[in-house]
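Novice: Supplied in structure tokens, the structure appears directly below.
The values are calculated or read from the model by the stated rules, or taken from the named source; none is laboratory data. From a predicted model like this one, the values you see are computed outputs, not experimental measurements. Here the Cβ is made from the backbone with ideal geometry for all residues, glycine too, and neighbour counts use every protein chain on show. Quick note on the areas: whole protein, heavy atoms, side chains included, nothing else; ligands and nucleic acids left out. Shrake-Rupley method; radii C 1.70, N 1.55, O 1.52, S 1.80 Å.
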Amino acid sequence: MQQIRSYKYRLRPNRAQTTLLDAMLRDFCSLYNACLQQRVEAYKRRGLTLRYAQQAAELKSVRAEDPDGLGRWSFSALQQVLRRVEQTYSAFFKRGHGFPRYRGSARYHAATFRVGDGLTLKKDRRIGVVGVPGGIKAVWHRDLPPDAKLGTAILTRQQGRWYAVLSVEADFAETCGSGMVGIDLGLNSLIATSDGETVAAPRHARKAQKAQRRRQRALARCRRGSRRRLKAKARLAAGSARIARQRRDHLHKLSRSLVSRYWGIAFEDLNLTGLKRGMLARSVHDAAWSLLVQLLRYKAANAGAEVLMVDPRGTSQTCPECGTVKAKTLGVRVHACACGCVLDRDVAAARIVHQRAFGLGPGHGLRCVSGRVAA
Ligand SMILES: [Zn+2]
């Protein structure tokens with residue numbers, strides 16, 4: 001099935017290229033603001049509403065007059081800036097409030113290109129950008145699909161790092177497994193499955209959280225408005241971006257592995273879990289869970305697998321073997337029932353999720369030992 005997906009790659013421009021890329025965004029930002037201003041004034045003075053086509057018609061001469069500024073950059077990329085103004089304008093008219101604002105160049109982070117026009121993928125696997133001499137090194141951490149059609153590319157700057165986001169149209173043939181699984185969003189682990197797997201939250205995540213708290217304290221000690229505070233703030237932001245990237249990567253792999261093994265994947269309904277537990281450090285877990293469910297949903301949809309949501313109430317209190325309901329406190333890590341069933345607490349809950357979703361337990365009565373695997 002032909003689909004469009006985004007592939008994001010880290011760029012490693014050299015110092016001279018970085019300077020030029022920064023200059024490019026500054027120029028794009030001033031063009032953006034100038035277009036906005038032109039629209040505002042045309043309306044104020046003459047009651048005219050300027051459209052994209054009118055502004056684009058002027059672009060050629062504007063560029064010719066400014067060879068060391070706007071003239072340096074790709075024509076089609078500059079057109080995209082005008083399109084962006086048009087878009088924010090029509091979004092404003094649709095909303096009826098929130099007039100488009102001028103943008104500070106520190107908050108203007110992205111430029112859109114058409115691949116093959118202004119931005120090219122070179123034979124040496126570098127990325128060529130009009131106005132930036134030499135190819136820009138890219139980290140191709142994963143391959144583009146073999147018969148990919150490339151549409152647009154967005155160059156973006158995030159915490160001082162540059163990325164290229166390529167939109168790719170290709171035939172993404174993905175397959176799912178044949179099993180069914182219930183998943184508990186764990187208390188001890190990140191997730192536990194009804195097949196007895198437990199996947200712990202990666203250790204580097206906990207370490208990173210600790211470092212992040214240290215940076216938070218460092219920020220709190222800095223005087224407001226000081227340079228030191230600005231720096232501490234940047235370090236904090238870079239830290240949370242790193243954590244988010246690592247988490248995303250981990251969850252991508254986890255969801256991929258689940259979809260490749262199962263076609264039916266049942267979860268506790270996240271909107272109802274608040275009823276179930278009042279745990280500490282939930283916000284951290286919550287963010288990971290909702291991202292996992294989101295990634296699973298789209299991977300499952302692509303592969304023809306199914307994600308089901310079940311009522312989470314009492315999943316951790318019910319015995320998956322005999323159905324006896326017995327309350328456990330949060331500290332109890334093992335499910336041990338009078339019927340002889342002994343399971344990891346979260347695995348027992350995952351089995352209940354499985355039963356609620358599919359009507360029967362996995363390998364009912366055969367296995368009662370939980371396993372531990374790495375994600
Ligand atoms: Zn039991």
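Novice: Mind checking the full-extension length gain between Cys339 and Lys210? Use 0.36 nm per residue of separation minus the Cα-Cα distance, one decimal, nm.
Specialist: On the way: separation 129, 0.36 × 129 = 46.44 nm, distance 4.18 nm.
Full extension of this stretch gives 42.3 nm more.
Novice: Follow-up question, since we're still on this one. Just to verify a number: FRET efficiency for Phe93 and Thr152, C-beta to C-beta distance, R0 = 22 Å, to 0.05?
Specialist: 0.35
Novice: If you don't mind, there's one more thing I want to ask. Grab the Cα-Cα distance for Gln54 and Phe75, subtract it from 0.36 nm times how many residues apart they are, and report the gain in nm with one decimal.
Specialist: Gain on extension, Gln54 to Phe75, equals 6.0 nm.
Novice: Moving on to the next point. With every protein chain present, what is the per residue accessible area of the chain (1.4 Å probe, Å²)? Walk me through the numbers on the way to the answer.
Specialist: Working: 20700 Å² over 375 residues.
Accessible area per residue, the chain: 55 Å².
Novice: What's the FRET efficiency of Ala301 with His109 using the Cβ-Cβ distance as r and R₀ = 22 Å, to the nearest 0.05?
Specialist: That gives a FRET efficiency of 0.15.
Novice: With n ≥ 4 as the cut-off for DSSP H runs, can you work out [θ] at 222 nm for the chain, using -39500 (n - 2.57) per run divided by the number of residues, rounded to the nearest 500?
Specialist: Theoretical 222 nm ellipticity from helices: -14500 deg cm²/dmol.
Novice: A further question on this structure: Which listed residue (Pro312, Gly151, Gly118) has the Cα farthest towards the positive end of the charge dipole for the chain, taking +1 on Lys and Arg C-beta and -1 on Asp and Glu C-beta about the Cα centre?
Specialist: Gly118
Novice: Do you know the relative contact order of the chain, to the nearest whole percent, from alpha carbon pairs under 8 angstrom that are 6+ apart?
Specialist: On the way: 575 pairs, mean separation 66.0, N = 375.
Relative contact order for the chain comes out at 18 percent.
Novice: Related question: If I fit a long axis through the Cα atoms of helix 52-65 and take the longest principal axis of the Cα atoms of the chain, what angle between them do I get, 0 to 90°, rounded to 10?
Specialist: The helix 52-65 is inclined about 60 degrees to the chain.
Novice: Shifting gears a bit: For Lys123 and Arg227 in the same chain, what is the full-extension length gain: residue separation times 0.36 nm, less their Cα-Cα distance, in nm?
Specialist: Numbers: separation 104, 0.36 × 104 = 37.44 nm, distance 4.36 nm.
Contour length minus the Cα-Cα distance gives 33.1 nm.
Novice: Next question. Size of the range 1-111 along its principal axes in angstrom, Cα-based, largest extent first?
Specialist: 47, 44, 28
Novice: Helix 75-95 sits at what angle to the longest principal axis of the chain, using alpha carbons and giving 0 to 90 degrees rounded to 10?
Specialist: Compared with the principal axis, the helix lies near 60 degrees.
Novice: For the pairs Lys8/Lys207; Lys44/Lys94; Lys299/Lys326; Lys94/Lys137; Lys149/Lys231; Lys231/Lys253, flag any whose C-alpha to C-alpha distance is greater than 30 Å.
Specialist: Numbers: Lys8/Lys207 26 Å; Lys44/Lys94 20 Å; Lys299/Lys326 36 Å; Lys94/Lys137 41 Å; Lys149/Lys231 41 Å; Lys231/Lys253 33 Å.
Result: Lys299/Lys326; Lys94/Lys137; Lys149/Lys231; Lys231/Lys253 exceed 30 Å.
Novice: Could you check the spin-label model distance between Gln37 and Glu169? Points 7 Å from the Cα along Cα→Cβ, value in nm.
Specialist: Calculated label separation equals 3.8 nm.
Novice: For the range 158-242, what relative contact order do you get, as a whole percent, if you take Cα pairs closer than 8 Å and at least 6 residues apart?
Specialist: Rounded, it is 19 percent for the range 158-242.
Novice: How many nm is it between the label spots at Ala234 and Lys328, if each spot is 7 Å from the Cα in line with the beta carbon?
Specialist: Label-label distance for Ala234 and Lys328, simple model: 4.8 nm.
Novice: If you put +1 on each Lys and Arg Cβ and -1 on each Asp and Glu Cβ, how big is the dipole of the chain around its Cα centre, in Debye rounded to 20?
Specialist: 2500 debye
Novice: Could you rank Arg221, Arg351, Arg242 by how accessible they are, 1.4 Å probe, largest area first?
Specialist: Working: Arg221 175, Arg351 15, Arg242 95 Å².
Ranking Arg221, Arg351, Arg242 by accessible area, largest first, yields Arg221, Arg242, Arg351.
Novice: Please list, by residue number, every one of the chymotrypsin sites (Phe, Trp or Tyr not before Pro) in the range 138-197 that is coil in DSSP and has at most 12 other beta-carbon atoms within 10 Å.
Specialist: Taking the range 138-197 and a limit of 12 other Cβ atoms within 10 Å, the loop chymotrypsin sites (Phe, Trp or Tyr not before Pro) found are Trp140.
Novice: Still on this structure, I have one more. Using the alpha-carbon atoms, what tilt in degrees (0 to 90, nearest 10) does helix 203-221 show relative to the longest principal axis of the chain?
Specialist: Helix 203-221 sits at roughly 60 degrees to that axis.
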